[in-house]
Amino acid sequence: MDRESSDDEEDQRNLIDQNDTKPSPPLSAPAASFRIDNHRHPVEFSGPTTTSSARLFHFQFNKRYLFAFFFPLFILVLYFSTDLRNMFRDTTGTVWPPKLDSSPSASRMRESELQALSLLRHQQLGLSSLWNSSSSSTNSSSLEDFKSLLLEQIQLNHQIQQVLLSSYPAPAGSNSSSSSDLFEPTLGLGDICRNRDQKMSQRRTIEWKPKPNKYLFTICVSGQMSNHLICLEKHMFFAALLDRILVIPSPKVDYQYSRVLDIDHVNQCLGRKVVVTFDEFAEAKKNHLHIDRFICYFSQPQPCYLDDEHLKKLKSSLGISMGKIEHAWVEDIKKPSRKTGEDVMAKFSTGDDVIAIGDVFYANVEPEWVMQPGGPLAHKCKTLVEPSRFILLTAQRFIQTFLGKNFIALHFRRHGFLNNAKQPSCFFPVPQAAECINHVVEKANMAVIYISTDAAESETSLLQSLIVQNGKPVPFVKRPARSSAEKWDALLYRHGLQDDSQVEAMLDKTICAMSSIFIGSSGSTFTEDILRLRKDWESASVCDEYLCQGEQPNIIADDE
């Protein structure tokens, strides 16, 4: 069956080639991460009854935008109309900066001024975009987002001051190591990329209390591992709604989930047995493996979104028998309608011991509930679906060895994006991508970038050469090939998890999820799984974004 795969991730391709010498091992099964929406949470100030205080906030909020919009223009006028020499005259009567003659210093001053003008232009464009978005919106943006954007502009203004003053000598008698220290902003710039408040205490949750000997059989076939993890989490939600134990797929027909996920962690977080492996299920059923009712969530393009090959594997490889496949409703994966939890319970509740509903990767059930930080299920952990303990520890050891606490992580996906299948297109020319990354680097002031990519070396080399901070290149860090002299990955080798493409993919996700700031690829489920982990672990930053978010590629090739 020719699978439709707009979110087909091919996780093994998202990893850095290990010196391009180690071929990816064949998958043991046919070809995680959870779809989340833009992680800004607007605060609704309008409603059925608008109070005078809300109108006052709108008025004050728009005044701030007005001030912010015209402020850079005021700086330009002030800069070119004011005698800066008199402004910088100190108490001794000495004029600072001193008058410069026609020397290389004057040339440096001119270069600084031109660079400052360019930055002012960048600031003006940013504020103009802010102004336009606020004018076209019926509701005010959240105060948190506004403060973040305002602090970003303050930092940019501070950078402009540093550029303008960089070519001047320090004033006489100054104890400052740099003349720009005289103009440090009073607000804390460290707050610009602070962690986002996920408001975990406000989560909407459902208790998962399965009935004894009632099972939901998981079937996931869409795309690669990241897509399967989305399908798996949605099955967990369905199992909670239907009061059933969830059966994890067998590696004979799917991925070997136990190598990348901590299955026992799910049960520990719930304090009861809510998921079982296929082997545990087979033992409980005394090897009488039968799906009592096969009720398809999707009816099109094929029942349960299953092809004949997968059905044969269920029967021949696992020895599962099943009755006639039936449909819960008419539902197409290309146009999935929005469903509620009540809809699911009404159509799939049954007294049968074992049921299956097919692949639900595309199911659109309670998206806000399912995608919220921490997920829809009541539990005592930060997240239910997370990397195995060995992968978590290996990621921590890699970060301790190569990156340190503060670093930017970049998922730079290229495979499958060039053909413009994504709308809008997510394939940006390398120089444009570099410009977007440089904006984040300037804002974050971090000296190293961890990159997870399927791009060719020719592209990543060019990209790295274009990423600079304060005139210095920002290094890219990639996971190196195995070396016996290095011990950061010893746990994987000790437990036989080395050279597994899915383990390496999950390791990449984990490192990215632990970063200070994350730049992802829009339209990639690999990126979405990283963003899910960051939300659940409360490591998400207000500076997290998709690469060139809000932009279009400056050139798009014609279709074939």
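The values are calculated or read from the model by the stated rules, or taken from the named source; none is laboratory data. What you see is a predicted model, and the numbers here were worked out from it, not measured in a lab. For neighbour counting, all protein chains shown are included, and Cβ atoms are generated from backbone atoms with ideal geometry for every residue, glycine included. Just the protein is used for accessible areas: all its heavy atoms, side chains included, with ligands, DNA and RNA removed. Shrake-Rupley method; radii C 1.70, N 1.55, O 1.52, S 1.80 Å.
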> When only the heavy atoms of the protein chains count and the probe is 1.4 Å, how do E207, E283, E442 rank by accessible area, highest first?
Replying inline: E283, E207, E442
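Given R₀ = 30 Å, FRET efficiency for N470-C381 by Cβ-Cβ distance, to 0.05?
Values: r = 41 Å, r/R0 = 1.37.
It comes to 0.15.
Using only the Cα atoms of segment 189-256, build the gyration tensor, take square roots of its eigenvalues as a ≥ b ≥ c, and label the shape rounded, prolate or oblate: rounded if a/c is under 1.5, else prolate if a/b is larger than b/c, else oblate.
Working: a/c = 4.08, a/b = 1.55, b/c = 2.64.
Cα axes put segment 189-256 in the oblate bin.
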> What does the accessible area of M200 come to, in Å² to the nearest 10, when a probe of 1.4 Å is used?
Replying inline: 50
>> Which trypsin sites (Lys or Arg not before Pro) in segment 457-560 sit in a loop by DSSP (not H, G, I, E or B) and have at most 11 other Cβ atoms within 10 Å of their own Cβ?
In response: K487
> So, in nm, how far is label S107 from label Q300 when the simple model puts each one 7 Å beyond its Cα toward the Cβ?
Replying inline: 7.0
> If you line up the Cα atoms of segment 304-458 on their principal axes, what length do they span on each, largest first, in Å?
Replying inline: 59, 41, 35
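Using 0.36 nm times the number of residues separating K334 and M200, minus their current alpha carbon distance, what extension gain do you get? Please list the in-between numbers first.
Working: separation 134, 0.36 × 134 = 48.24 nm, distance 3.27 nm.
Going from the current span to full extension adds 45.0 nm.
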>> Please report the accessible area of E538 (heavy atoms, 1.4 Å probe, ligands and nucleic acids excluded) in Å², nearest 10.
In response: 70
> Heavy-atom accessible area of C543 with all protein chains present, probe 1.4 Å, nearest 10 Å²?
Replying inline: 0
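Counting only protein chains, not ligands or nucleic acids, how are W369, W208 ordered by accessible area (probe 1.4 Å), most first? Please list the in-between numbers first.
On the way: W369 25, W208 0 Å².
Putting W369, W208 in descending order of accessible area: W369, W208.
How would segment 392-499 be classified by its alpha-carbon gyration tensor: rounded, prolate or oblate, with rounded meaning a/c under 1.5 and the a/b versus b/c comparison settling the rest? Write down the numbers at each step before the final one.
Values: a/c = 2.36, a/b = 1.43, b/c = 1.66.
Cα axes put segment 392-499 in the oblate bin.
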>> Between N287 and D307, what is 0.36 nm times their sequence separation minus the Cα-Cα distance? Round to one decimal in nm.
In response: 4.7 nm
>> Using a 7 Å offset from Cα along Cα-Cβ at Q396, what residues in segment 482-509 end up with backbone N under 16 Å from the label point?
In response: 488-492, 507
> So between S321 and H415, what do we pick up on full extension, going 0.36 nm a residue minus the alpha carbon distance?
Replying inline: 30.0 nm
> Under a straight-distance cross-link criterion of Cα-Cα below 16 Å, which lysines are reachable from K472, leaving out those fewer than 8 residues away in the same chain?
Replying inline: K443
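Compare D343, D307, D559 by solvent-accessible area with a 1.4 Å probe and give them largest first, with all protein chains kept in place.
Values: D343 60, D307 20, D559 120 Å².
Output order, biggest surface exposure first: D559, D343, D307.
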